[in-house]
1. Can you tell me which residue in the range 235-255 is surrounded by the fewest Cβ atoms within 10 Å (Cβ to Cβ), limited to those that are touching a strand residue (DSSP E or B) at 6+ places or on another chain (Cβ under 8 Å) and free of Cβ contacts under 8 Å to residues at least 60 places away in the same chain?
2. For the range 136-177, which positions are farther than 24 Å from residue 265 by Cα and not in a helix (DSSP H, G or I)?
3. May I ask you to say which residue of 119, 96 is touching a helix residue (DSSP H, G or I) at 6+ places or on another chain (Cβ under 6 Å) and under 18 Å from residue 299 (Cβ atoms)?
4. Counting only residues that are closer than 26 Å to residue 215 by Cα and surrounded by 17 or more Cβ atoms within 10 Å (Cβ to Cβ), which one in the range 266-291 is modelled with the lowest pLDDT?
5. Counting only residues that are farther than 18 Å from residue 266 by Cβ and at pLDDT 90 or above, how many does the range 16-40 have?
6. Would you call residue 177 more than 15 Å from residue 247 (Cα to Cα) and either surrounded by 17 or more Cβ atoms within 10 Å (Cβ to Cβ) or modelled with pLDDT of 95 or more (or both)?
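The values are calculated or read from the model by the stated rules, or taken from the named source; none is laboratory data. Everything numeric in this text was worked out from a predicted model, so none of it was measured. Every residue, glycine among them, receives a Cβ derived from its backbone with ideal geometry; neighbour counts consider all protein chains shown.
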């Protein structure tokens, strides 16, 4: 597997850092289920590129350079800026990672489950849900965005268009008509970091106290739609106020969910590509000793009993469709799970003895001599 040697920098001796990938875990769960998810990883980027190649363009439908509103740029607000200047990602509008979407659906949503999303934004979460065999309901205030989402879905997966529902409107009201959910996945506005519209009901246009009041209410009503013994996930990041101090938005999100009856169950750090942060870090660090944010928080909550919620997910991630970047299409090659070479290999692995250390990590060892390799296992 070829690895871009520039992705991970150099070690103390000037040699490029080449991570060792824990193939056994990553192959079983798509990516290693550790508390740091590194999007800079070569395999992550490959999978993400494959998803985008089928025609997902979540930035279309929104104004360009939303992240670099004057206030946001000055106070070091940051969301995911990806790609390079030759790609459609070079603009400053954040997009949601399609591979992260796939992981959250595979890890925490029952097969053929109903997903609801109170802050739908672009097409990615709806399209990925449908292509993985789930149903999706999402609400957004931006009608242009909703129209573009429908257009993309029709082009990418017309045969599954009935499994997707995008609703134009204020989530506080539209969520009342949402179906009962097996999973929640969303990424809320980060205050006024990105101003999505001039609508008075748009959270990104509100004073912070009003923003939080409505945010808590939307989360409460969204969680009320979630069935018992189910998981929910919000991807968030902290952002600064007008004086340059953090708002503590991650904690506010946790508080909102817990008040709604869903407890924090998992938290992971999503490490993002550095992107334009390298251009901004010198000025902002020299001017105010502000660290440039290059991560987000993946918060997973559980409503009800986590044991029962886990039972609904069976034991493993189902095989993924192959994504071919060159054709831009899904080539679904699901084989009989009991007869495929992958299934036979997995069966062989599961028959082996597990050490206590390996049990804790969730990694099956093939032989005793592999124990000394544990410390070399990378995130993916």
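1. First, the residues of the range 235-255 that are touching a strand residue (DSSP E or B) at 6+ places or on another chain (Cβ under 8 Å): 235-240, 246-247, 249-250, 253-254.
Checking which are free of Cβ contacts under 8 Å to residues at least 60 places away in the same chain leaves us with 238, 246-247, 249-250, 254.
Working: 238: 20, 246: 14, 247: 16, 249: 22, 250: 18, 254: 20.
Of everything passing the filter in the range 235-255, 246 is surrounded by the fewest Cβ atoms within 10 Å (Cβ to Cβ).
2. Matches in the range 136-177: 139, 140, 141, 142, 157, 164, 165, 166, 167, 168, 169, 170.
3. Values: 119 fails: touching a helix residue (DSSP H, G or I) at 6+ places or on another chain (Cβ under 6 Å).
Only one candidate passes the filter, namely 96.
4. Residues of the range 266-291 that are closer than 26 Å to residue 215 by Cα, as a first pass: 266-272.
With the extra rule that they be surrounded by 17 or more Cβ atoms within 10 Å (Cβ to Cβ), the set shrinks to 268, 270-272.
Numbers: 268: 98, 270: 97, 271: 95, 272: 92.
So, considering only residues that are closer than 26 Å to residue 215 by Cα and surrounded by 17 or more Cβ atoms within 10 Å (Cβ to Cβ), the one modelled with the lowest pLDDT is 272.
5. Count: 1.
6. Working: more than 15 Å from residue 247 (Cα to Cα): yes; either surrounded by 17 or more Cβ atoms within 10 Å (Cβ to Cβ) or modelled with pLDDT of 95 or more (or both): yes.
Spelling it out, residue 177 is indeed more than 15 Å from residue 247 (Cα to Cα) and either surrounded by 17 or more Cβ atoms within 10 Å (Cβ to Cβ) or modelled with pLDDT of 95 or more (or both).
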